[in-house]
Amino acid sequence: MESSAFSFLPLSVQMNILSMVDSKTQKEMTTSQRELLPRVSLQCEDASSLTILSKEEIELFNTTGFFVKDDFLGIENLRAYYSNAEQLFENGKMRPAGMGGQSSELWKDSSVRSDHIVWLNDIEDREKWSEEEAGCLRKLVQKVKLIQTELNQSCNFDSHETQIQLTCYPGDGSRYVRHLDSYVGATTRRITCLYYLNPEYSAKDPEAKKLGGDLRIFHHDSDSEFTDISPVGDRLLVFQSRLLEHEVLPSYFKRFAITVWFY
Ligand code: OGA
Ligand code: NI
């Protein structure tokens, strides 16, 4: 059941309320709380209607809670997105992340998460984002949002809100402790899509692991098992926001990712 004390409020107001909740709420979320959040079950009756994702990926999502898709948009696109993202970082457009919501300047705690972020929710708004700043990131956001459209059309997903963030872990061991992307008690995120923007991180390079910055995904059916996913350039990762706790391990390089949450 998807009830909450303030689910009648607009999403933006809900997010503002949540941003006032102490960051401990996330850190101390217990398994029993997590189980209150209904997981997503994608029902794909006609696999031939899928053009971006495969039937196998949908199945993995339903069973393990996540899947990885490499070489998602091609190396040339990756390089262009990366240089755009790096420019935003170098120009000071990205700020140290807060916890618990979008307007949460109050709850910065660098021992919990030490990345820099910029929200891209309004990147289509040409008054807020100049052509130069937005650059090709607009295209990247559109491409990730097409996954939501596909899930709506082919898998009965029925999701119409998104939230988009660009993150940079500057590389001095910056990290993000174990957490869940959804909160109990509000209209919550259902799916997390991450696209890694790191041309210098190649899956073929055995030295790359030294750069750190893996995403550790804790399995939902075991207390001690996890899968580490490296932030390989052009890699897409999709997972259940309400089910899988995860942690960004210390990063020793300038690690960029774009996150798109489907509500
Ligand atoms: C997040 C997060 C993971 C990553 O922003 O909530 O968990 O790999 N990011 O960047
Ligand atoms: Ni997360």
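Rounded to a whole number of µm²/s, how large is the Stokes-Einstein D of the range 50-209 at 10 °C and 1.306 mPa s, given Rh as the Kirkwood radius over C-alpha pairs?
This corresponds to a translational diffusion coefficient of 90 µm²/s.
At a 10 angstrom cut-off on C-beta neighbours, averaged per residue, how do the peptides 161-174, 84-97 rank from highest to lowest? Let's see the in-between values first.
On the way: 161-174: 19.1, 84-97: 15.9.
Going by the mean number of other Cβ atoms within 10 Å, highest first, we get 161-174, 84-97.
Can you tell me the length gained on complete extension of the stretch GLU225 to SER111, counting 0.36 nm per residue apart and subtracting the Cα distance?
So the chain would gain 38.6 nm between GLU225 and SER111.
Do any of LYS93/LYS210; LYS69/LYS139; LYS209/LYS254; LYS139/LYS254; LYS55/LYS143; LYS93/LYS254 go past 24 Å between their Cα atoms, and which?
From the list (LYS93/LYS210; LYS69/LYS139; LYS209/LYS254; LYS139/LYS254; LYS55/LYS143; LYS93/LYS254), the Cα-Cα distance tops 24 Å for LYS93/LYS210.
Please work out how much length the chain gains when fully extended from THR51 to GLU127, using 0.36 nm per residue of separation minus the C-alpha to C-alpha distance, in nm with one decimal.
Net length gain for the segment: 24.0 nm.
Just in the range 205-261: which GluC sites (Glu not before Pro) are loop by DSSP and have at most 16 other Cβ atoms within 10 Å?
The qualifying sites are GLU207, GLU225.
Net charge near ASN91, counting Lys/Arg +1 and Asp/Glu -1 over other residues with Cβ under 13 Å of its Cβ?
With Lys, Arg at +1 and Asp, Glu at -1, the net is -2.
Using R₀ = 41 Å, calculate the FRET efficiency as 1/(1 + (r/R₀)^6) where r is the Cβ-Cβ separation of SER41 and LYS93; round to 0.05.
0.60
Taking K and R as +1 and D and E as -1, what net charge do the other residues with C-beta under 14 Å from the C-beta of GLU200 add up to?
+3
With the crude spin-label approximation of a point 7 Å out along Cα→Cβ, what separation in nm comes out for LEU60 versus ARG79?
Label-label distance for LEU60 and ARG79, simple model: 2.7 nm.
What is the distance in Å between the Cα centroid of the range 112-162 and that of the range 34-59?
After rounding, the separation between the Cα centres reads 20 Å.
ASP71 to LYS204: extension gain in nm, 0.36 nm per residue of separation minus the Cα-Cα distance?
Working: separation 133, 0.36 × 133 = 47.88 nm, distance 1.26 nm.
Taking ASP71 through LYS204 to full extension adds about 46.6 nm, to one decimal.
Could the peptides 248-255, 127-134 be put in order, highest first, of the mean number of other beta-carbon atoms found within 10 Å of their residues?
Sorting 248-255, 127-134 by mean packing, highest first, produces 248-255, 127-134.
Bear in mind these aren't lab numbers, they're just calculated from the coordinates by the rules spelled out. Bear in mind that the values here come from a model prediction, so they are computed numbers and not experimental data. A quick note on method: Cβ atoms are made from the backbone with ideal geometry, for glycine too, and the neighbour counts reach across all protein chains shown.
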